[in-house]
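A.B. asks: What follows is a single structure, and I will ask about it in a moment.
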2 protein chains.
Amino acid sequence: MSQTVDRALSILPLLAEGPADLGQVADRLGVHKSTALRLLRTLHEHGMVYRQSDQRYRLGARLIALAQEAMENLDIRGIAHPHLVRLNEQCGHTVHLAVYEEAEVLYIDKVESRYPVRMYSRIGKPVAITVAAVAKLLLADLPEAERRALADKLDYPLYTARSTPNAPAFLRELDKVREQGWATDLGGHEESINCVAAPIRGADGKVVAAMSVSAPNVVVTADELLTLLPLVRRTADAISGEYSGRTPVKEANTS
Amino acid sequence: MSQTVDRALSILPLLAEGPADLGQVADRLGVHKSTALRLLRTLHEHGMVYRQSDQRYRLGARLIALAQEAMENLDIRGIAHPHLVRLNEQCGHTVHLAVYEEAEVLYIDKVESRYPVRMYSRIGKPVAITVAAVAKLLLADLPEAERRALADKLDYPLYTARSTPNAPAFLRELDKVREQGWATDLGGHEESINCVAAPIRGADGKVVAAMSVSAPNVVVTADELLTLLPLVRRTADAISGEYSGRTPVKEANTS
DNA sequence: ATGGACGTTGCAGATACTGCAACAGACCTC
DNA sequence: GAGGTCTGTTGCAGTATCTGCAACGTCCAT
């Protein structure tokens, strides 16, 4: 809607791929070098890009700090965190918290496994949306129309033989997940890693976040992991209760 | 330098404080509502802001994902990570990696303590620049003029009785740190937490990052923590060597 | 019902952005 | 060391693009 801002913002994902110099930025934006320079300067003043010693630009520290604040301000995260830690203490595995937003699912919190074998994931990283257990829960709760539109738009990369292959299969899976109220990912993303996940709901019953427990085969089998399901669901329900204000937390003052 | 982009970017830190509606954004920017609307729309299209169900805006998921990529692309981080993990396995405490950039020091990696008592810090979070051991190392390496200018500009919050109180004290501390080649924070940020830190240098000898080991008093005393200094320095030197290309890592192919 | 608050749209005017072309500096080649 | 190329930078004139206004729609509360 605003050309200048639009161009400036387009620079950011471009730099996310790796550092680039002025000419490269100008080319990929399709504008004159001087224009690109002025945009980069403005971004620089705001700390969104950084000019490294070889003169090339890359994403800046302020961007990272902003994203940090953005996550801290998601109140669901603050509420959930202690519960996630407790769950981790009880089962020892990696615990994730994720939210859905405009066609993306992001991990917004994580408590690491106590076992030496850890899985690769990072807070802030977009989730493999077609296979992750948390993604299934979050998408399953979307309105029908939106869900179908999204499913059509997605790519279905075959991470493993068990990955969701296409839109119809995905929609069937979502229906199943919605009905049963929990989800799994059994080796759909990485061959040897399984997850069980449960939804966190707001006061209106809508799914606002999802949490999961993940563990590699070498630590526990899929069946063993599934025995944790009641615990995961109880934790998710506890978070839901607190989030929707039903549980007055500790120092309730409604005497 | 570019008014429109400047205004648009000014919205982001504003939203970082918390969700805001159109009127609030327009007021704080000092522009007409319709102008603010168009800026927000453009930001929205790029996923930098999100419109929650109550119509208010907050920072969006794309911002978080971008910041994520920004960090992954910092090559120092990828090189350092395995070393940090190994150090954590050896000593059991929380290990941090931080970089300096334009008046800010950011944690860019962290390996959590094995002990149940953990300290509060987050990847991407700006560091308490006047007291953190890693910050001292990074600032101590700046050119004299820049260092003095920065020291004058900073605030010196008294987190504890041991916090650095003012610019002259800070500059003296930086001189000491530069000379000895390592730094500590003994209860300067949180009363009961101590850190020891060592610098990571590039091929030209300049400090490109700093790493630290932190532990609360209840786990180890400050003196005990200091016995880890040689180990921390050795780890930092190993990372420096790999980063500056002196150590051909594993599969060297200069046959 | 009626008033107010908030978000949204079309429009005319002018500000602020664009691309050009020329300059400056670094680096390399010959 | 001179000449070439490549990259980043600046001033300028033209106009595309952004701005603020005012009017409208919608929702909520009185």
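A.B. asks: Which residues, taken from region B:26-43, are within 12 Å of DNA strand C (Cβ to nearest atom) and either within 28 Å of the chain's Cα centre (by Cα) or surrounded by fewer than 19 Cβ atoms within 10 Å (Cβ to Cβ) (or both)?
C.D. replies: Once the filter is applied, which keeps residues that are within 12 Å of DNA strand C (Cβ to nearest atom) and either within 28 Å of the chain's Cα centre (by Cα) or surrounded by fewer than 19 Cβ atoms within 10 Å (Cβ to Cβ) (or both), region B:26-43 yields B:27, B:30, B:31, B:32, B:33, B:34, B:35, B:37, B:38, B:41.
A.B. asks: Still on this structure, I have one more. Spot the failing condition for residue A:87; the list is (1) open to solvent by 60 Å² or more (accessible area, probe 1.4 Å); (2) away from every other protein chain (no Cβ under 11 Å); (3) modelled with pLDDT of 90 or more, and only one is missed.
C.D. replies: (1)
A.B. asks: Determine which member of the set A:26, A:36 is at pLDDT 90 or above, more than 12 Å from chain B (Cβ to nearest Cβ) and within 16 Å of DNA strand D (Cβ to nearest atom). Spell out how you get there, then give the answer.
C.D. replies: On the way: A:36 fails: more than 12 Å from chain B (Cβ to nearest Cβ).
Matching residue, one of A:26, A:36: A:26.
A.B. asks: Residue B:62: among the charged types (D, E, K, R), open to solvent by 70 Å² or more (accessible area, probe 1.4 Å) and more than 19 Å from residue A:16 (Cβ to Cβ), yes or no?
C.D. replies: no
A.B. asks: Additional query: For the list (1) at pLDDT 90 or above; (2) open to solvent by 40 Å² or more (accessible area, probe 1.4 Å); (3) closer than 18 Å to residue A:105 by Cα, I need the number of the one condition that residue A:198 fails.
C.D. replies: Status for residue A:198: all satisfied but (2).
A.B. asks: Which ones in region A:216-225 are in a helix (DSSP H, G or I) and either surrounded by 18 or more Cβ atoms within 10 Å (Cβ to Cβ) or at pLDDT 95 or above (or both)?
C.D. replies: Taking region A:216-225 as the starting set, the residues that turn out to be in a helix (DSSP H, G or I) are A:222-225.
A:225 - this is the single residue of region A:216-225 that is in a helix (DSSP H, G or I) and either surrounded by 18 or more Cβ atoms within 10 Å (Cβ to Cβ) or at pLDDT 95 or above (or both).
A.B. asks: Could you grab me the full set of residues in region A:90-139 that are acidic (Asp, Glu) and modelled with pLDDT of 85 or more?
C.D. replies: Once the filter is applied, which keeps residues that are acidic (Asp, Glu) and modelled with pLDDT of 85 or more, region A:90-139 yields A:101, A:102, A:104, A:109.
A.B. asks: Hey, residue B:57 hits all of (1) out of contact with any Lys or Arg (no Cβ under 6 Å at 6 or more places or on another chain); (2) not assigned by TED's automatic domain parsing to the domain that holds residue B:206 but one; which does it fall short on?
C.D. replies: (1)
A.B. asks: Is it the case that region B:96-113 has a residue that's more than 11 Å from the chain's Cα centre (by Cα) and open to solvent by 30 Å² or more (accessible area, probe 1.4 Å)?
C.D. replies: Within region B:96-113, one or more residues are more than 11 Å from the chain's Cα centre (by Cα) and open to solvent by 30 Å² or more (accessible area, probe 1.4 Å).
A.B. asks: Is region B:66-79 home to any residue that is within 9 Å of chain A (Cβ to nearest Cβ), within 15 Å of DNA strand D (Cβ to nearest atom) and open to solvent by less than 60 Å² (accessible area, probe 1.4 Å)?
C.D. replies: Within region B:66-79, not a single residue is within 9 Å of chain A (Cβ to nearest Cβ), within 15 Å of DNA strand D (Cβ to nearest atom) and open to solvent by less than 60 Å² (accessible area, probe 1.4 Å).
A.B. asks: So, in region B:1-14, how many residues would count as being facing chain A (nearest Cβ under 8 Å) and either within 15 Å of DNA strand D (Cβ to nearest atom) or buried (at least 17 other Cβ atoms within 10 Å of the Cβ) (or both)? Give the derivation first.
C.D. replies: So in region B:1-14, the residues facing chain A (nearest Cβ under 8 Å) come out as B:1-2, B:4-6, B:8-10, B:12-13.
With the extra rule that they be either within 15 Å of DNA strand D (Cβ to nearest atom) or buried (at least 17 other Cβ atoms within 10 Å of the Cβ) (or both), the set shrinks to B:1-2, B:4-6, B:8-10, B:12.
So the answer is 9.
A.B. asks: Name the one entry in B:58, B:41 that is modelled with pLDDT of 90 or more, of a type in the set (Lys, Arg) and within 16 Å of DNA strand D (Cβ to nearest atom).
C.D. replies: Exactly one of B:58, B:41 is modelled with pLDDT of 90 or more, of a type in the set (Lys, Arg) and within 16 Å of DNA strand D (Cβ to nearest atom), namely B:41.
A.B. asks: When you go through B:65, B:103 one by one, which is the residue that is more than 13 Å from DNA strand C (Cβ to nearest atom) and under 29 Å from residue B:184 (Cα atoms)?
C.D. replies: Criteria check complete, one pass: B:103.
A.B. asks: Among the numbered conditions (1) under 25 Å from residue B:68 (Cα atoms); (2) among the charged types (D, E, K, R); (3) without any contact (Cβ under 8 Å) to a residue 12 or more places away in the chain, tell me where residue A:185 comes up short.
C.D. replies: It is condition (3) that residue A:185 fails.
A.B. asks: Take region A:44-58 and flag every residue that is within 26 Å of the chain's Cα centre (by Cα) and farther than 14 Å from residue B:104 by Cα.
C.D. replies: Matches in region A:44-58: A:58 only.
A.B. asks: List every residue pair whose Cβ atoms lie under 8 Å apart, where the two residues are 6 or more positions apart in sequence or sit on different chains, the first residue falls within region B:34-54 and is of a type in the set (Ser, Thr, Tyr), and the second residue, located anywhere, is open to solvent by 40 Å² or more (accessible area, probe 1.4 Å).
C.D. replies: The qualifying pairs are B:35/B:7; B:42/A:1; B:42/A:6; B:50/A:102; B:50/B:44; B:50/B:58.
A.B. asks: What is the residue count in region B:153-171 for residues that are open to solvent by 70 Å² or more (accessible area, probe 1.4 Å) and either at pLDDT 95 or above or under 20 Å from the mean Cα position of the chain (by Cα) (or both)?
C.D. replies: Matching residues across region B:153-171 total 4.
A.B. asks: Among the numbered criteria (1) more than 8 Å from chain A (Cβ to nearest Cβ); (2) away from DNA strand D (no atom under 16 Å from the Cβ), which one does residue B:51 miss?
C.D. replies: Unmet for residue B:51, out of (1) more than 8 Å from chain A (Cβ to nearest Cβ); (2) away from DNA strand D (no atom under 16 Å from the Cβ): (2).
A.B. asks: Does at least one position in region A:16-25 carry a residue that is under 18 Å from residue B:39 (Cβ atoms), away from DNA strand C (no atom under 12 Å from the Cβ), out of contact with any helix residue (DSSP H, G or I) (no Cβ under 6 Å at 6 or more places or on another chain) and not basic (Lys, Arg)?
C.D. replies: no
The values are calculated or read from the model by the stated rules, or taken from the named source; none is laboratory data. Just so we're clear, the structure is a prediction, and the values are computed from it rather than from any experiment. Counting neighbours? That spans all protein chains shown, and the Cβs are built from the backbone with ideal geometry, glycine included. Side chains are part of the model used for accessible areas, which takes the heavy atoms of the whole protein and leaves out ligands, DNA and RNA. Shrake-Rupley method; radii C 1.70, N 1.55, O 1.52, S 1.80 Å.
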